[in-house]
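Participant: Before I ask anything, let me first share the structure, which is written out below as structure tokens.
The values are calculated or read from the model by the stated rules, or taken from the named source; none is laboratory data. Just so you know, these numbers come straight off a predicted model, no measurement behind them. Positions of Cβ are generated from backbone atoms using ideal geometry, with glycine treated the same way; all protein chains shown enter the neighbour counts. Heads up: the accessible areas ignore ligands, DNA and RNA and are worked out on the full protein's heavy atoms, side chains in. Shrake-Rupley method; radii C 1.70, N 1.55, O 1.52, S 1.80 Å.
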Amino acid sequence: MAGLELNRLRKSYGAVEVIKGVDLSIMDGEFVVFVGPSGCGKSTLLRMIAGLEEITGGELKIGSLVVNEVEPRDRGIAMVFQSYALYPHMTVYDNVGFGLKLARAPKEERDRKIRDAARILQMEHLLDRKPSQLSGGQRQRVAIGRAIVRQPEVFLFDEPLSNLDAALRVDMRMELAKLHQDLGATMIYVTHDQVEAMTLADKIVVLNAGIVQQVGSPIELYQRPANLFVAGFIGSPKMNLLSGSVTAVDGDAVTISGKDMANVQLSADAEAFKVGDMVTLGIRPQRLHLSGSGALVGQVVLVERLGNETNVSVSLPSGANFLAVLDGDHVLQPGQVVTFDFATSDAVVFDVDGIARYAQA
Amino acid sequence: MSVTTADSAGALQTTVRKKPIQARYPGWFILPAAVIYSVLFLAPTVSSLYFSLTRWTLFDSVFIGFENFAQFFREPFLVQGLINTVIYAVVTSGMKVVIGMAFAVLLTSNIVARGYLRSVVFFPVLVSTVGVGITFTVLMHPTQGMINETLALFGIKGPGWLTNPSLALYSVALVDVWKGVGLATVIYIAGLVAIPRDYYEAARIDGATPWQNFWYVTLPLSRPATATVIILSFIGGLRTFDLIWAMTKGGPGFASDTVASVIYKQYQAGFYGLSTAGNVVLFVLIAVLVIPLTMILNRRRGHE
Amino acid sequence: MTMTYTRKTILGLTAGLMSMTGLTGIALAQQTTLSLFSPNDQAAVAYTEAMIEAFEAANPDINVEIEVGPGGTERDNMVKSRLATGTMNDVFVYNAGSLFQAINPVQTTVDLTNEPYMADILNSFKQTVTANDGTLRGVPYGQAMGGGVLYNKKIYEELGLSVPMTWDEFMANSAKIQEAGYAPVIQTFGDTWTSQLFILADYFNVQAKNPQFAEMYTRGEAKYANTPAAMAGFQKQADVFNAGYLNEDFGAATLNDGLRMLADGEGAHYPMLTFAVGTIAQDYPELVGDVGFFALPGDDASLNGTTVWMPTALYISANTPNMEAAKKLVEFVASKEGGCDPWVEINAITGPFLIQGCELPADVNPAVADLQTYFTANGRTAPALEFLSPVKGPSLENITVEVGSGIRTPEDAAALYDEDVKKQAQQLGLPGW
Amino acid sequence: MKKQLPLISGIAAITVSFFVFVIPFLFIIFMAFKDRRQAASRDFSWPEGFHLWENLVEVVTTRNWMMITAFVNSSILTVVSVTLLVVLAAMVGFVLARRDAKWNGPIEFLILAGLMIPPAVVPTIWLLQGLKLFGTLHGMILIEVAYNLPFSIILYRAFIATIPRELDEAAIIDGARPLDVFFRVILPLLWPVTVTNIVVQSVGIFNDFTNPLYYLPGANNATVQLTLYNFQSQFNTAYNLLFTNILLITIPPLLVFLFFNRQIVAGMTAGAVKG
């Protein structure tokens, strides 16, 4: 069984650096999800772990071994590709058994392992088919089956669900979670879909431009995003962000004013601020409620009434757009002027560099 | 479990490289082909550049500078040969494009006996050039040839296909097309089959006539196939030798000589230096014509 | 045990395969195997097979394999590159005369000067296989041939014509023949080489007027364009075209067609070498008696004679590992049994033999008999230019096709041919070019 | 009316194709049935009497069964050359399509050059002699491989570029070494374009006339195209035998065609058009 250590891992293509020194430790049996926008380097990082990309600098340990120079087949990993990468000319049986065949496993052992994997994935009836005769979901299973038979210590998934339709994706997601429970292996999973990340991960790694933005459990990331990037990336709909400047600092409270708000007092790490600093205020749409008086005043642009909740899009005086998700049904007309309020503990203040400054506990 | 800052692992820079990760696409895959190609093709070709500057007989060679090239261009029929070569290449590749396209359109439609027609059109590709040359030399005989005898039935006096000096080159080109159009057709069929049906359906909804269908959908979308057909048959046409040699030997007189047949004649006559110089001339001619052609065809393709 | 015997006794594909693999394998172990590069015309192949059969019967320890290559210029090419690269068969048949000089015989062939049988070979032949160091390199492989006009005797009888002694008479005869509805002159440019006969067979007339022509020509002093007698050949070819005397399909007809037309009496005259009579004898045995031969006439009836071609010669390749066996074969070909009798046996007599003691049988075809009369008379033969000078332009046949098709004037053609010849002379490194 | 169009145009096409494409072959076949005399007039006439068998026997037995030797030689030459071409060209195409090495440019230039430059014959003969390969089937095979590599490589490279790289990577993760990746995963996937290669190259090599003429002299080395010389000499031609010979040597390419007929278009779609 194996955890992973990534120490100052770097990757560059010529002069272009795409992974800029990643430090990360992953514990044995953990389900870790790499998320980030496309091009952030999450897939590259995964491929470096797999051994498909050479490591330019730093050190990669799987278990207690430094594997920078180790062939993929000797790293104890298995990988499921976005496109599944099934061998079109082989049957499902041969696809699943290809790795064992290459390892010259005895025939009976091979057969047993293939059938075991097929049973786990409930695809025993597909073994004689060619990949072209399978549906997307079935192909997905085969790809996972191919990974399982290798009995790896680390599973690597590269956006494995992105080619499935929405309903199937939810099913497969749950199956993957179950698989993780059953096998207890370390899994590293790359996706750009934050719902997958939130539901599957023990630990999420948010990447942007080759740099780790934040590592933490899904709830941690949602509740205490470390910076503007994570705040904007995690959570749906996106966190509202308003710019303003510090007008007063008092104990662990900071007062912020801007075009769209006047003298809003918030709890934050006051030592990080001084009067006149440019800051960004972040507030999740779900944390807003209508009130007679409040910090934010704007004009309704669009109302979506879903019954159990109402999404209100509001235009603020600065022209910025702002979204509120209100519990229950509310009848609002476009053009109507509304006022929102929120609890000061629900807001996050980001300093001029975009770092979140929470009040010291 | 938490983000560590970048400085904490400075000592790790000194990872020892034991063995590099196995190259996934190892260079030695190229090696067998590269060795065969370099030794048997490139080396003689490069050395021929030197030999083209010498006059060599069976046992010795004398360096004579560019005299061979001068002589080659003094060859009374070289200029005609150059023109003939270009005419031949243009005529054959042009006809292969047009006829191949027409056949392909016909053979991808729901015409009856499609399988038979495809086979019949492709069949000449399989027959040896020499065999085809011999057969058509006989068929194109001015008085006893089947072609003219058939024309005579309609009261037409057929021309001397291969004996009329102003016609011989075109007759050979015609046979070349006969033999080669099957390949062009297959390439075009492949190109047409690859065009998504959506385009035709969209065009039908737009009310396109069959002709518009062809002009605005088939033609532009089969451009990759056209490029392949043109480049292959144009290079083939410029280098053509077998067929001309089998049918007219460049005759009557020198009327259907191409650069390749002139080269071969020099070689046969034992003028090895001269012949090799001709090789160089032919190469330059091909390069001058084909490289720009390739670039034009590929550039257009890039815009699609 | 030879392949020939195998072939006669066993039939069927399997047997053929066996004989190729198994049987010859055994045979090889016990015998010397000689490889002979032979010509590919039908008569020569028939002769070669008959001769080898006789030779192997006389020399049971030697097995001869025959390789038949292409003919014409392609053969020149093959012979040259094989000799240059040291891959020539043990013994090979190749032209005497100018082409012989071009294969660098001193280095590529074996000196046969001191072989006893050389005494029996006619001098006229020997001079064509003499290398430039004065040694003899080959023995005749066939019979001498006349180059002139094969004509249909029936037409001549029917129209009461007599053999022309001058070009004017020839043209006059042709005019009458045309009136009678026959093609006066057969040309067959489908086999381009046949177009050269007007020039090459006219050499007797050139030499009659300019005895020094060959020497001066070799030195680059005499040219076709500036020697009226030499130009005459081109002129004659143009004359018959301009007069419309040619068969309709002259541009595409082949030698075979020409011979058929001649034998059938569709055409009256066919400028050709007498070897072609052999083909007629084989394909149209009943008609061969209608074909006669006369020399291509000049403009002076008192200087009438024929141009003579020496046969090809048999040479030993300088690097043969089987010298002893090769010499035996050459000796056999130089004898009456090997060099003459097989020809008589296969009934392919087309001209006089060049080995002393070989007589033509009494019942030779009329054309050969006609040729024979030129040999018996004094001064009525001259060797073809290619046996006197190493210089021969490679494009002559293309040029003569043009002249004979009216594409090019005789003057132009002569000048062009002189240019063509120059390349050849330079390539040979001859002085004066 | 509209429904009948395919039928009408089909009948028209069959008629035209019959005259343009079928008659020449009928001519060859008729000639092969004739005796020497009838064949000499070379007209399109019904054969008088059945002479095919005797023509065949004569063609096959001429010159010590040269035709059999030639068929054996040509078959070996074709099969071995095409096998080598397929494997070697696919390997080169694989590496070229997958690696973005800086010498890809020069290599592609050399490949194009091979497509364009007419080979220099005499230096090649000398070279072969130096290697003791002149006039051997081995040498001839290598020559055919060298001369036809460029075309095959171009076909393969274009096709391999369409095979997702993830397949290679999946195989690598599965523990495949480069040779495994190539032979077990990539090569089988190249089948459509391999068919094209096999058809085009085997027909080309089997029908090659010029190169064996130069590089493979000797009666024991004869290839089928050279057998045409047996009946077409400088001095006379036996047309019945000549055409029987043509007929006979057309059979192997015909078999190749019949065998791969259906797959040729697929291969072209895959290889030639996407390039």
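Participant: So for each of B:42-55, A:248-261 I average, over its residues, the number of other beta carbons within 10 Å; can you give me the resulting order with the highest mean first?
Facilitator: Details: B:42-55: 18.6, A:248-261: 16.7.
Peptide ranking by packing, descending: B:42-55, A:248-261.
Participant: Which ³J(HN,Hα) values, rounded to whole Hz and listed in residue order, are derived for the range A:58-69 from phi using the Karplus coefficients 6.51, -1.76 and 1.60 in 6.51 cos²θ - 1.76 cosθ + 1.60 with θ = phi - 60°, glycine and proline given as x?
Facilitator: x, 9, 10, 10, 10, x, 9, 9, 7, 10, 3, 9
Participant: Follow-up question, since we're still on this one. What number, rounded to the nearest 500 deg cm²/dmol, is the helix-based mean residue ellipticity at 222 nm of chain A, given -39500 (n - 2.57) per DSSP H run of at least four residues and division by all its residues?
Facilitator: -7000 deg cm²/dmol
Participant: Helix D:52-98: angle to the longest alpha-carbon principal axis of chain D, degrees 0 to 90, nearest 10?
Facilitator: Approximately 20 degrees, to the nearest 10.
Participant: Here's a follow-up. How large a share of the accessible area of the range D:64-274, in percent, is made up of carbon and sulfur atoms when the probe is 1.4 Å and the other protein chains stay in place?
Facilitator: Working: 4530 of 6590 Å².
Solvent-exposed carbon and sulfur of the range D:64-274 make up 69 percent of the total.
Participant: Tell me the total accessible area that C and D bury against each other, 1.4 angstrom probe, in square angstrom rounded to 100.
Facilitator: Working: alone 18050 and 16320 Å², together 31380 Å².
Counting protein atoms only, the buried area is about 3000 Å².
Participant: Report ³J(HN,Hα) in whole Hz for each residue of the range C:134-141, in order, from the Karplus equation J = 6.51 cos²θ - 1.76 cosθ + 1.60 where θ = phi - 60°; Gly and Pro get x.
Facilitator: x, 8, 9, 10, x, 10, x, 10
Participant: Quick one: net charge around B:GLY145, please, counting Lys, Arg +1 and Asp, Glu -1 for every other residue with C-beta under 13 Å from its C-beta.
Facilitator: Details: positive: B:LYS157, D:ARG42; negative: B:GLU149, C:GLU248, C:ASP249, C:ASP257, D:ASP43.
Residues near B:GLY145 contribute -3 overall.
Participant: Additional query: Over the heavy atoms of B:ARG118, what accessible area does a 1.4 Å probe trace out, to the nearest 10 Å²?
Facilitator: Looks like 70 Å² after rounding.
Participant: Shape call for chain B from the C-alpha gyration tensor, a ≥ b ≥ c root eigenvalues: rounded (a/c under 1.5), prolate (a/b greater than b/c) or oblate? Mind showing how you got there, number by number?
Facilitator: Numbers: a/c = 2.70, a/b = 1.22, b/c = 2.22.
Judged from the Cα gyration tensor, chain B comes out oblate (a/c at least 1.5, b/c at or above a/b).
Participant: Can you bin the range A:245-361 into rounded, prolate or oblate? Criterion: square roots of the alpha carbon gyration tensor eigenvalues sorted a ≥ b ≥ c, rounded for a/c under 1.5, prolate for a/b above b/c, oblate for the rest. The partial results should precede the final answer.
Facilitator: Values: a/c = 2.52, a/b = 1.95, b/c = 1.29.
Cα axes put the range A:245-361 in the prolate bin.
Participant: Got a sec to turn the phi values of the range C:182-192 into Karplus ³J(HN,Hα) couplings, 6.51 cos²θ - 1.76 cosθ + 1.60 with θ = phi - 60°, whole Hz, x for Gly and Pro?
Facilitator: In residue order, the calculated couplings are 9, 7, x, 10, 9, 10, 9, 7, x, 9, 4 Hz.
Participant: Another question, then. Among C:83-91, C:399-407, C:354-362, B:279-287, how do they line up from the highest to the lowest mean number of other beta-carbon atoms within 10 Å? Let's see the in-between values first.
Facilitator: Working: C:83-91: 21.4, C:399-407: 24.2, C:354-362: 14.8, B:279-287: 19.4.
In decreasing order of mean packing, C:83-91, C:399-407, C:354-362, B:279-287 become C:399-407, C:83-91, B:279-287, C:354-362.
Participant: Cβ under 12 Å from D:PHE94's Cβ, D:PHE94 left aside: what net charge do those residues give with Lys, Arg +1 and Asp, Glu -1?
Facilitator: Working: positive: B:ARG24, D:ARG98, D:ARG99, D:ARG157, D:ARG165; negative: D:ASP168.
It works out to a net charge of +4.
Participant: Figure the gain on full extension for A:ILE219 and A:ARG10 (residue separation times 0.36 nm, minus the Cα-Cα span) and round it to one decimal in nm. Don't jump to the answer; show the numbers that get you there.
Facilitator: Working: separation 209, 0.36 × 209 = 75.24 nm, distance 2.85 nm.
Stretched fully, the A:ILE219-A:ARG10 segment lengthens by 72.4 nm.
Participant: Let me ask you something else. Excluding same-chain residues fewer than 8 positions from A:LYS274, which lysines have a Cα within less than 16 Å of its Cα?
Facilitator: Filter leaves no residues.
Participant: Measure up A:LYS113/A:LYS178; C:LYS126/C:LYS327; B:LYS249/C:LYS223 against 22 Å on the Cα-Cα distance and list the ones that go over.
Facilitator: Values: A:LYS113/A:LYS178 19 Å; C:LYS126/C:LYS327 17 Å; B:LYS249/C:LYS223 27 Å.
Over 22 Å Cα-Cα: B:LYS249/C:LYS223.
Participant: Quick one: net charge around D:MET31, please, counting Lys, Arg +1 and Asp, Glu -1 for every other residue with C-beta under 11 Å from its C-beta. Don't skip to the end; give the middle numbers.
Facilitator: Numbers: positive: D:LYS34, D:ARG36, D:ARG42; negative: D:ASP35, D:ASP43.
Neighbourhood net charge equals +1.
Participant: Rounded to the nearest 20 debye, what is the charge dipole size of the range D:40-141 about its Cα centre when +1 sits on each Lys and Arg Cβ and -1 on each Asp and Glu Cβ?
Facilitator: On the way: 6 positive and 6 negative charges, 126 e Å.
Around 600 debye, computed over the range D:40-141.
Participant: Now, a different point. For chain A, state the semi-axes of the equivalent ellipsoid (square roots of 5 times the eigenvalues of the alpha-carbon gyration tensor), sorted largest first and rounded to whole angstrom.
Facilitator: Details: eigenvalues 433, 126, 45 Å².
Semi-axes (√(5λ), whole Å): 47, 25, 15.
Participant: Here's something else I'd like to know. As a test of reading the structure, rank D:TRP126, C:TRP167 by solvent-accessible area (1.4 Å probe, protein chains only), most first. Write down the numbers at each step before the final one.
Facilitator: Values: D:TRP126 90, C:TRP167 20 Å².
Result, largest first: D:TRP126, C:TRP167.
Participant: Then there is this: Mean projection of the alpha-carbon convex hull of the protein assembly as shown over all orientations, in nm²? Working shown, then result.
Facilitator: Values: hull surface 268.3 nm².
Value for the protein assembly as shown: 67.1 nm².
Participant: A further question follows. Calculate the length of the line joining the C-alpha centroid of the range A:28-98 to that of the range B:176-229, in whole Å.
Facilitator: 43
Participant: Under 4.7 Å Cβ to Cβ, no partner at all: give me those cysteines from the protein assembly as shown, in residue order.
Facilitator: Result for the protein assembly as shown is A:CYS40, no neighbouring Cys Cβ within the cutoff.
Participant: Could you work out, residue by residue across A:78-90, how many beta carbons of other chains sit within 10 Å of that residue's beta carbon, and then give the average as an integer? Could you put the intermediate results ahead of the total?
Facilitator: On the way: counts 3, 6, 2, 7, 1, 5, 4, 11, 3, 8, 5, 6, 3.
Counting Cβ atoms of other protein chains within 10 Å of each residue's Cβ and averaging gives 5.
Participant: Find the all-direction average of the projected area of the Cα convex hull for the range D:64-274, expressing the result in square nanometres with one decimal place. Working shown, then result.
Facilitator: Details: hull surface 56.9 nm².
Result: 14.2 nm².
Participant: Pop a pseudo-label 7 angstrom from the Cα along the beta-carbon direction at both A:GLN333 and A:SER245 and give the gap in nm to one decimal.
Facilitator: Result for the modelled spin labels: 3.9 nm.
Participant: Something else about it: If the cut-off is 19 Å between C-alpha atoms, which lysines fall inside it for C:LYS154, apart from same-chain ones fewer than 8 positions away?
Facilitator: C:LYS176
Participant: Normalised by the number of residues in the range B:67-300, what is the relative contact order in percent for Cα pairs under 8 Å and 6+ residues apart?
Facilitator: Numbers: 270 pairs, mean separation 72.8, N = 234.
Worked out over the range B:67-300, it gives 31 percent.
Participant: About its Cα centre, what dipole magnitude does the range A:4-227 give when the only charges are +1 on Lys and Arg Cβ and -1 on Asp and Glu Cβ, stated in debye to the nearest 20? All intermediate terms of the calculation are to be shown ahead of the outcome.
Facilitator: Numbers: 28 positive and 29 negative charges, 92 e Å.
It works out to roughly 440 debye.
Participant: Between the range C:297-369 and the range B:117-144, how far is it from one alpha carbon centroid to the other, in angstrom?
Facilitator: The range C:297-369 and the range B:117-144 have Cα centres separated by 40 Å.
Participant: Further, regarding this structure: Return the aspartates and glutamates within reach of A:LYS107: Cα separation strictly under 16 angstrom, same-chain partners fewer than 8 residues apart disregarded; answer none if there are no such residues.
Facilitator: Cα-Cα hits under 16 Å: A:ASP94, A:ASP116.
Participant: Protein chains only, probe 1.4 Å: how do A:PHE273, D:PHE71, D:PHE50 rank by accessible area, largest first? Write down the numbers at each step before the final one.
Facilitator: Values: A:PHE273 15, D:PHE71 50, D:PHE50 135 Å².
The residues order as D:PHE50, D:PHE71, A:PHE273, largest area first.
Participant: Right, something else. Got a sec? Charge dipole of chain B, +1 on Cβ for Lys and Arg, -1 for Asp and Glu; which of B:GLY27, B:LEU126, B:GLY237 is way out at the positive end?
Facilitator: The listed residue farthest towards the positive side: B:GLY27.
Participant: For the range B:67-300, what is the accessible area per residue in Å², given a 1.4 Å probe and the full set of protein chains?
Facilitator: On the way: 8750 Å² over 234 residues.
So the range B:67-300 comes to 37 Å² accessible per residue, rounded to a whole number.
Participant: In peptide B:46-53, what is the residue-averaged number of other protein chain Cβ atoms found within 10 Å of each Cβ?
Facilitator: 3
Participant: Let me ask you something else. Enter the Cα centre distance for the pair the range C:55-114 and the range A:306-320, rounded to the nearest angstrom.
Facilitator: What the calculation gives is 102 Å, centre to centre.
Participant: Average partner chain C-beta neighbours within 10 Å, per residue of A:44-52? Walk me through the numbers before you get to the answer.
Facilitator: Numbers: counts 0, 0, 0, 1, 0, 0, 3, 5, 9.
What the average comes to for A:44-52 is 2.
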